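Written out below as structure tokens is the structure these notes cover.
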Amino acid sequence: MPDIRLIEYGSCDYKAMVELRDKILRAPLGLTFSEEYLQQEISDVLIGCFEEEKLLGCCILTPLNETTVQLRQMAVDDNLQGKGTGSKVLRFAEEHAKRNGFQELMMHARKEAAPFYTKNGYLIRGSAFEEVGIAHYEMFKRL
């Protein structure tokens, strides 16, 4: 049974998280993470889904204000996509945000990921826009 837990910034689990995000989200677009970009995550909520010690999926929660938190950098290992890992990570993130007083979870979802978020109760707000060279939607869910 996978174990979903918070990850400490700078830890070995965090390094595994950066590697997974790089493999799934960045490398296919020819992008990399800068040290400055990663340093901004020091006060974010880092969430990982583990089986034994192997990281299967992850995401980041970044508070935007008192009521809204942004889900970022959601990634699930390629061979596990479509098997429920992402939904489990998402539910954990939503519960964590709700417990901490947030009323809305929002994100910039890649267009191809929008059906996954829709299936999990998220709505699209506004029109598609480009970010990191690909189409995204702003999506949100009331907690």
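Things to note:
- One residue alone among E41, E52 is modelled with pLDDT under 90 and not hydrophobic (A, V, I, L, M, F, W, C), and that residue is E52.
- Filter pass, A97 being small (G, A, S), outside any loop (DSSP other than H, G, I, E, B), farther than 24 Å from P28 by Cβ and more than 12 Å from the chain's Cα centre (by Cα): yes
- For M17, the conditions (1) of a type outside the set (D, E); (2) in contact (Cβ under 8 Å) with a residue 12 or more places away in the chain; (3) out of contact with any strand residue (DSSP E or B) (no Cβ under 9 Å at 6 or more places or on another chain) are fulfilled apart from (3).
- Which numbered condition N120 misses (of (1) farther than 16 Å from I60 by Cβ; (2) crowded, with 17+ Cβ neighbours inside 10 Å; (3) touching a Gly at 6+ places or on another chain (Cβ under 9 Å)): (2)
- Filter result for R5 (more than 13 Å from the chain's Cα centre (by Cα) and of a type in the set (K, R)): yes
- Residue ID - nearest to K88 (Cα to Cα), chosen from residues in region 108-127 that are hydroxyl-bearing (S, T, Y) and assigned to a helix (DSSP H, G or I): Y117
- Taken over region 8-36, the criterion of being outside any loop (DSSP other than H, G, I, E, B), under 16 Å from the mean Cα position of the chain (by Cα) and not acidic (D, E) is satisfied by Y14, K15, A16, M17, V18, L20, R21, K23, I24, L25, R26.
The values are calculated or read from the model by the stated rules, or taken from the named source; none is laboratory data. Note that the coordinates shown come from a computational prediction; the quantities given were computed from them, not determined experimentally. Don't worry about glycine lacking a Cβ; one is built from the backbone with ideal geometry, like all the others, and counts go over all protein chains shown.
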